[in-house]
């Protein structure tokens, strides 16, 4: 069926014309509310106090979701919302990394609040269409498309029965359908998911961007926590936003030249320093593969080991040879980082698109490590294929890689077998059966129905069926708060253990990546040092998600003299860039202290939001022991010299004559005690009590003492 026939099958359910509000100093001060069940569309004013306290992006998403839901609202209740918001800096084109949006909802995996950042065109295009945020509520009866027409200033909701569901096809179809001609395709942004989100809890969202060089639609992902599952539960097939075009100052900033000057400075750093530092333009984040392997940090066989003899088969040189070079791979206009790498003309070997030639976005480091080494697979072509299918099916690649690694270890340890998996042999390294399980998740068939629930649910299912020991599965199941770990080994970095498990949403590396500061460079040796880092960096990184920024340009290329500064881990010159840009966009008084303070308000609000929903306490910050130390004899023996030395030096015990099991118990008791002491120090630094509850005194200090916030915590002090 061609595009015109598809369009003819649409049934217009509602149309609403709105008065367009142009941006002023990065804001429209308008929110677009759409209830896909009742078909209500309306504009809401942003209260001044919300603008001052919550800034934008994730802050707006959290505030709107709080107001729209009750403590008992479930992820699949119609009143649950998906909120998409960029931020005041989002959409400028003079500085790299300014195309990010934040997506917020109640998570199917965690039951709590999830946020996920994403590039692509939709977030900035939503702003240019007149809205700082989009609130989606309700549930439609049939599959719909929501069209935000920023050209004619109207919202249309269609029933859409014929378009594809999988993102790589659907985004192409809708871009062609809503563009006037080929040159207009760059003015279309699409949000979609895929068929796996219909059958699993781990669905994600794809945000499109048009690659003008390739003349193809490409995808970036809001991956974490099952947001795509919520999207499909609401029967939304896609969101489409169209604008007249991107100009140099649609944000109507206060001082464009100040932004441009900082942008020119950063672009020079990229041109002159990138190839000698992180090689983002040629390899993207996959440049980390051999670095992690060299430092015993590359997750292998479900985080048991940190390196492998076959890792050169999937190292950065391999990805450099497979990625198309010399293409400006930016997922937002004006981004000079060019890290959104892609494999062109990849011929698929399995699944519903077998034999077709496709473009594959990535793999990023997280995908190469999670789909590859963590599953004991060192075949780059498998990683590319699995990456593609995760994307188009709407599956979070981080979640899937970590879940697959857990399944494989369960298979090898007898918790699973061919009878229990429906005939699949899911041992480490089994490419064909790993791909088949991925396709089963998308089809909603067989063992895929279990695998698509995520690790927390799988542990419960396996235990209920009597297949495995609950305590052992808790030790090896790499999830915290219901969210699967991203792909860094935290065993030897106590600070990174906190950077994962002491997060609001679960173990995602966007809050704090402290492995090198802590483990490699020993820059934060004391509990107080670690607690300070676990205050500053999560608060600092939260700010990116408030204003519409990507984290990558902050520290994946650094000024020549950065190592000579007082605090090189903070990249102070780039922090000053962000302070300058924020002031130049908004005209507000601002400095690096205010940056952290703004974030701290929102961060604590999210913590209280979790508490309101029955989470956010000390017990919720427990980590699986494998994130902390060796669970099995094989793990201990792989680092026996290191662990034995620690026993001597730290505990004053002689390991000689002790069995492996006894040594594991001793090391475990020590490391779990260290984590408890870290947790105490972090809670104290963050202004929380010993149960992880923000104190009323602290909430007043940071200006987050709304009555409804205080009501949640007042009886928990």
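Just one of the listed residues (38, 28) is within 29 Å of residue 177 (Cβ to Cβ), in the same structural domain as residue 157 (by TED's automatic domain parsing) and buried (at least 19 other Cβ atoms within 10 Å of the Cβ), namely 28.
On the basis of being closer than 18 Å to residue 222 by Cβ and either outside the structural domain of residue 620 (by TED's automatic domain parsing) or at pLDDT below 95 (or both), does residue 113 make the cut? Here the answer is yes, as residue 113 does meet what is asked.
Counting only strands (runs of 3 or more DSSP E) that fall entirely inside the range 1-102 and contain at least 2 residues that are touching a helix residue (DSSP H, G or I) at 6+ places or on another chain (Cβ under 7 Å) and either farther than 19 Å from residue 251 by Cβ or at pLDDT below 95 (or both), the qualifying elements are 82-85. Residues that are buried (at least 16 other Cβ atoms within 10 Å of the Cβ) and outside any loop (DSSP other than H, G, I, E, B) within the range 314-333 comprise 314, 316, 318, 319, 320, 322, listed in sequence order.
Can you tell me which of 146, 118 is closer than 18 Å to residue 542 by Cβ and assigned by TED's automatic domain parsing to the domain that holds residue 227? Only one candidate qualifies: 118.
Scanning the range 430-460 for residues that are crowded, with 17+ Cβ neighbours inside 10 Å, without any contact (Cβ under 8 Å) to a residue 40 or more places away in the chain and assigned to a helix (DSSP H, G or I) yields 433, 437, 440, 450, 459.
Residues checked against (1) under 24 Å from residue 377 (Cα atoms); (2) out of contact with any strand residue (DSSP E or B) (no Cβ under 8 Å at 6 or more places or on another chain):
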| site | (1), (2) |
| --- | --- |
| 440 | yes, yes |
| 449 | yes, yes |
| 455 | yes, no |
| 471 | no, yes |
| 478 | yes, no |
| 487 | yes, yes |
| 492 | yes, yes |
| 499 | no, yes |
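Looking only at the range 273-294, filter to residues that are touching a helix residue (DSSP H, G or I) at 6+ places or on another chain (Cβ under 6 Å) and in a loop (DSSP other than H, G, I, E, B); which one of those is farthest from residue 321 (Cα to Cα)? Ranking the qualifying residues of the range 273-294, first place goes to 278.
Here the condition is being modelled with pLDDT under 95 and over 25 Å from residue 375 (Cα atoms); of 539, 517, it holds for 517 alone. Looking only at the range 569-601, residues that are free of Cβ contacts under 8 Å to residues at least 60 places away in the same chain and in contact with a strand residue (DSSP E or B) (Cβ under 9 Å, 6 or more places away or on another chain) come to 0 in all.
For the range 184-204, enumerate the residues that are assigned to a helix (DSSP H, G or I), in contact with a helix residue (DSSP H, G or I) (Cβ under 7 Å, 6 or more places away or on another chain) and surrounded by fewer than 24 Cβ atoms within 10 Å (Cβ to Cβ).
Passing the criteria: 185, 195, 198.
Being assigned by TED's automatic domain parsing to the domain that holds residue 471 and either in contact with a strand residue (DSSP E or B) (Cβ under 7 Å, 6 or more places away or on another chain) or part of a helix (DSSP H, G or I) (or both) is a description that does not apply to residue 418. Selection of the range 239-250 for residues being out of contact with any helix residue (DSSP H, G or I) (no Cβ under 6 Å at 6 or more places or on another chain) and buried (at least 22 other Cβ atoms within 10 Å of the Cβ) yields only 239. In a residue-by-residue description of the range 511-525, the property of being in contact with a strand residue (DSSP E or B) (Cβ under 8 Å, 6 or more places away or on another chain) and closer than 20 Å to residue 396 by Cβ applies to no position. For the range 61-83, state whether one or more residues are over 17 Å from the mean Cα position of the chain (by Cα) and closer than 27 Å to residue 266 by Cβ. Within the range 61-83 (the criterion being over 17 Å from the mean Cα position of the chain (by Cα) and closer than 27 Å to residue 266 by Cβ), the answer is no, since none of the residues qualifies.
Against the numbered list (1) surrounded by fewer than 20 Cβ atoms within 10 Å (Cβ to Cβ); (2) on the phi > 0 side of the Ramachandran plot; (3) touching a residue at least 24 places away in the same chain (Cβ under 8 Å), residue 522 comes up short only at (3).
Here 561, 555, 504 are screened, and the one residue that is surrounded by fewer than 19 Cβ atoms within 10 Å (Cβ to Cβ) and either more than 25 Å from the chain's Cα centre (by Cα) or under 29 Å from residue 670 (Cα atoms) (or both) is 561.
Going through (1) more than 26 Å from the chain's Cα centre (by Cα); (2) outside any loop (DSSP other than H, G, I, E, B) one by one, residue 210 falls short only on (1). Could you go through the range 6-23 and let me know if any residue there is in the same structural domain as residue 143 (by TED's automatic domain parsing) and within 28 Å of the chain's Cα centre (by Cα). Scanning the range 6-23, I find at least one residue that is in the same structural domain as residue 143 (by TED's automatic domain parsing) and within 28 Å of the chain's Cα centre (by Cα), so the answer is yes. Of the residues that make up the range 637-657, is at least one touching a strand residue (DSSP E or B) at 6+ places or on another chain (Cβ under 9 Å) and assigned to a helix (DSSP H, G or I)? Yes, there is a match, as at least one residue in the range 637-657 is touching a strand residue (DSSP E or B) at 6+ places or on another chain (Cβ under 9 Å) and assigned to a helix (DSSP H, G or I). Summed over the range 334-368, residues that are surrounded by 23 or more Cβ atoms within 10 Å (Cβ to Cβ), part of a strand (DSSP E or B) and either free of Cβ contacts under 8 Å to residues at least 60 places away in the same chain or not assigned by TED's automatic domain parsing to the domain that holds residue 265 (or both) total 1. Residues that are more than 23 Å from the chain's Cα centre (by Cα) and either closer than 25 Å to residue 410 by Cα or outside the structural domain of residue 404 (by TED's automatic domain parsing) (or both) within the range 301-320 comprise 304, 305, 307, 308, 309, 310, 311, listed in sequence order.
The values are calculated or read from the model by the stated rules, or taken from the named source; none is laboratory data. Since we're looking at a predicted model, the values are computed, not measured. Counting neighbours? That spans all protein chains shown, and the Cβs are built from the backbone with ideal geometry, glycine included.
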